[in-house]
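Visitor: Structure in structure tokens, see below.
What follows draws every value from the coordinates through simple rules; no lab data is involved. Just so we're clear, the structure is a prediction, and the values are computed from it rather than from any experiment. Note that each Cβ is placed from the backbone with ideal geometry, even for glycine, and that neighbours are counted across all protein chains shown.
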């Protein structure tokens, strides 16, 4: 590519966060004996606990504490790394993703998902396509090659479900109307992204030629997997869980639901989908049972532990010395994708029936903020077929780090948006119609 910084970023060894592979490549791999594993886990937990106490006293989001803890223990921390095996973080991080999305899925039974299915598709399609096209043209302007621009655009069009949901939980917004919308949109967005990725890989592998059979096959796999789980799984799995729940043996219930969560995550991975998709769908099936509350309670501690390690792994693999050389292209891509997502989503929801201005703005901000796990999976897939240059990974690594830092503050800003009392009273006094009040409201929020 012709971007001026390419000669520098080509030489960087940058971590690659993926759902089924290696987080970051970093030199030689130390011994992975059980002793080192226990030592690394102990260091992670102790440093994380200290940083959480500090961030709690400073009234900052826990995610920031996790990232800072990772930066302290990571391999790039001078004068030496506190962890012996960087790759040991990969397994813990993937477990965190599965547990987090599974527990979130238990909050969303099929009826609840069905209620937002239509609006989620209506928002996700134009938002994903619009963001992809806009970022693509910006990347081209910056001098990236055709395939670099294509895969970068796709990666930047995907919201990080893990980061966004964890922060929403932390802020107590998990049952907010905007959060339900965000979850629905991210599910559809992930499906669109995986399907599009299959198309891009097919095009790249065939020297720019579109393979219709391959594209159709990718779409069919996604539809069959999700459809079979929601249609067939919802008939039998909840009944089985309820029968096990009647035993009141919590150990048995825990093992069964973990088997379901990891089983569907593995199946999703084998089909080329995100493990987060399989884990979330497993949670949805559990939500259909009468034992959903029990399942949620007994799995929450596991979720908190492994989700913490997921965020720590991001911070652990930050090489601060390389950030200055990558920050300009990364920030331009972040600003472009943020503005595109926020404006498209907010504009659609403001005009949709049943959604007020606050919900539109909060959903737009929540969807526009974080990039992460699946974005890096896209880059890895592009590298697997030899379509992208080595400069794409470092830039997306910086994007992941920066957006993970800013997302808590962006979402917190959205949570503080309130309707202006003067506008409300004015509308009531004059007997304005709901539609007119809605239009007036768009310019009348306050913090």
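Visitor: Convex hull over the Cα atoms of the stretch 90-132, averaged projected area in nm²?
Guide: Approximately 4.3 nm², given one-decimal rounding.
Visitor: Could you put 412, 353 in order, starting from the residue whose Cβ has the fewest other Cβ atoms within 10 Å?
Guide: With the fewest neighbours first, 412, 353 line up as 353, 412.
Visitor: Please report the spacing between the Cα centers of the stretch 126-151 and the stretch 270-308 in Å, no decimals.
Guide: Distance between centres, Cα-based: 34 Å.
Visitor: Separate question: Please report how far the C-alpha centroid of the stretch 41-108 lies from that of the stretch 347-403, rounded to the nearest whole angstrom.
Guide: 22
Visitor: May I pose another question? Working out 0.36 nm times the residue gap between residue 332 and residue 224, then minus their Cα-Cα distance, what length gain in nm do you get to one decimal?
Guide: Taking 0.36 nm per residue and subtracting the Cα distance, the gain is 35.1 nm.
Visitor: What length, rounded to one decimal in nm, is gained on full extension from residue 137 through to residue 300, with 0.36 nm per residue of separation minus their alpha-carbon distance?
Guide: Contour length minus the Cα-Cα distance gives 54.4 nm.
Visitor: Also: Over the stretch 129-220, what portion of Cα pair distances is larger than 21 Å, expressed as a whole percent?
Guide: 45
Visitor: Compute the distance in nm between two label points, each set 7 Å from the Cα along the Cα-to-Cβ direction, one at residue 231 and one at residue 352.
Guide: Those two pseudo-labels are separated by 2.5 nm.
Visitor: Something else now. Listing 173, 367, 122 from the residue with the fewest other Cβ atoms within 10 Å to the one with the most, what is the order?
Guide: So the ranking, lowest neighbour count to highest, is 122, 173, 367.
Visitor: Just to check, using Stokes-Einstein with a Kirkwood Rh over alpha carbon pairs, what's the diffusion coefficient of the stretch 235-381 at 37 °C and 0.692 mPa s in µm²/s?
Guide: Rounded to a whole number, D works out at 176 µm²/s.
Visitor: Then there is this: Could you check the simple spin-label distance between residue 129 and residue 46, using points 7 Å along Cα→Cβ, in nm with one decimal?
Guide: My value for the distance between the label points is 5.5 nm.
Visitor: For the pair residue 53 and residue 385, how long in nm is the line joining their label points, each one 7 Å along Cα→Cβ?
Guide: Label-label distance for residue 53 and residue 385, simple model: 5.1 nm.
Visitor: What ranking do 415, 149, 391 get, fewest neighbouring Cβ atoms within 10 angstrom at the top?
Guide: 415, 149, 391
Visitor: Then there's this: Give me the compactness ratio for the stretch 86-407, meaning the Cα radius of gyration over 2.2 N^0.38 Å.
Guide: It is 0.98.
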